[in-house]
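To start, the structure under review is shown below, and the notes come after it.
The values are calculated or read from the model by the stated rules, or taken from the named source; none is laboratory data. Everything numeric here is computed off the predicted structure, so don't read it as measured data. Heads up, the Cβs are rebuilt from the backbone with ideal geometry, glycines too, and the neighbour counts pull from every protein chain shown. Accessible surface is based on the protein model in full, side chains and every heavy atom, while ligands, DNA and RNA are left aside. Shrake-Rupley method; radii C 1.70, N 1.55, O 1.52, S 1.80 Å.
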Amino acid sequence: MTQPPSAEQALAALNMPLLEAMMTQRAIRRVKPDPVDDAIVTKCIELALRAPTGSNGQNWEFIVVKDQRVKDQLGKRYRQAWSLYGGLGKRMASGDEAMQKILRAVQWQVDHFSEIPVLVVPCLRGGMRPPYLPSPFVAESSFFGSIYPSVQNLLLAARAMGLGASLITLPLWSVTSARKILGLPLTVTPVCVVPLGWPQGRYGPTTRKAVQEVIHVDSYGNRAWLP
Ligand SMILES: Cc1cc2nc3c(=O)[nH]c(=O)nc-3n(C[C@H](O)[C@H](O)[C@H](O)COP(=O)(O)O)c2cc1C
């Protein structure tokens, strides 16, 4: 088994070409229990902060979880959510080998959650419906849209450094429990969880739709750019 890189080596790897990072970033759920240096986690979050937020509010907070007790508690919530949602997923995925491969990886992550060295929980401060945004749709879209660009930056930074990462939400099935576990006030909402650790496997190309399949020109359904 290869040794994880030193913090210096990992940070130096951030000069990976953007194209390579974007083309190979993917959910890495099976990670080693080896520690991840705080400097690496800090750098991931520092780069996450280069992302846009609604009205440049920068109303983000990132909880870095390393404490065993907190990981165990979030892991218990993930297991509970997975026992409901995963059962449904398994039934729907029967006969679909690609999906079953994902489900096996999720099951691994659920079973080994407490051994994952670091969890980052991106959170947002403030309400989902600020009074200065009278459209509830724009308010909600702007609320959640103010954290996910930063999460993608974090994932790309992790990928460049060879650090395994995934974006997950199931441990937050009950936001009330998640707030209690993380000591969050009611004014702070946890949005997702990014488990980080050195990969057991390797990063590789992702399977995605062809670009022409999702482009509509000027109006939905106009596939003028289809070859
Ligand atoms: C909003 C959101 C929530 C997600 N929640 C979970 C989750 O709870 N558990 C999990 O294992 N993966 C979760 N994922 C990861 C997706 O399953 C993953 O991005 C998808 O399978 C593509 O994987 P790939 O990038 O490796 O191809 C989530 C992704 C998004 C965008």
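So here's what we get for this one:
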quantity	calculated
Value of [θ]222 nm, deg cm²/dmol, for the chain, DSSP H segments ≥ 4, -39500 (n - 2.57) each, nearest 500	-13000 deg cm²/dmol
Of Arg79, Arg179, Arg208, the one that fluctuates the most in a GNM where the chain has Cα springs shorter than 10 Å	Arg208
Rounded if a/c under 1.5, otherwise prolate or oblate - the range 172-223, Cα gyration tensor axes	oblate
19 Å reach of a label modelled at Ile102, 7 Å along Cα-to-Cβ, counting backbone N of the range 153-176	155-156, 165-173
Percent of Cα pairs exceeding the 21 Å cut-off, where the set is the chain	62
Most mobile of Ser142, Ser150, Ser55 in a GNM of the chain (Cα contacts under 10 Å)	Ser55
Euclidean distance of C-alpha centroids, the range 79-136 and the range 1-34, integer Å	22
Residues with amide H under 5 Å from that of Ser146, placed H, sequence gap 5 or more	Gly54
Calculated diffusion of the range 57-108, Stokes-Einstein form, Kirkwood radius summed over Cα pairs, 37 °C and 0.692 mPa s, µm²/s	248
The chain: most fluctuating residue of Val138, Val110, Val64 per GNM, C-alpha cutoff 10 Å	Val138
Cα-projected label distance for Lys66 with Ser219, points at 7 Å along beta-carbon direction, nm	5.8
Percent accessible area from carbon and sulfur atoms, the range 28-152, protein chains only, probe 1.4 Å	56
Gyration tensor verdict on the range 7-53 (Cα atoms; rounded if a/c is under 1.5, prolate if a/b is larger than b/c, oblate otherwise)	rounded
Probe 1.4 Å, protein heavy atoms only - accessible area per residue of the chain in square angstrom	57
Relative contact order (%) - the chain, alpha-carbon pairs under 8 angstrom, separation at least six	35
Dimensions (Å) - the range 133-227, Cα atoms, principal axes, largest first	53, 47, 20
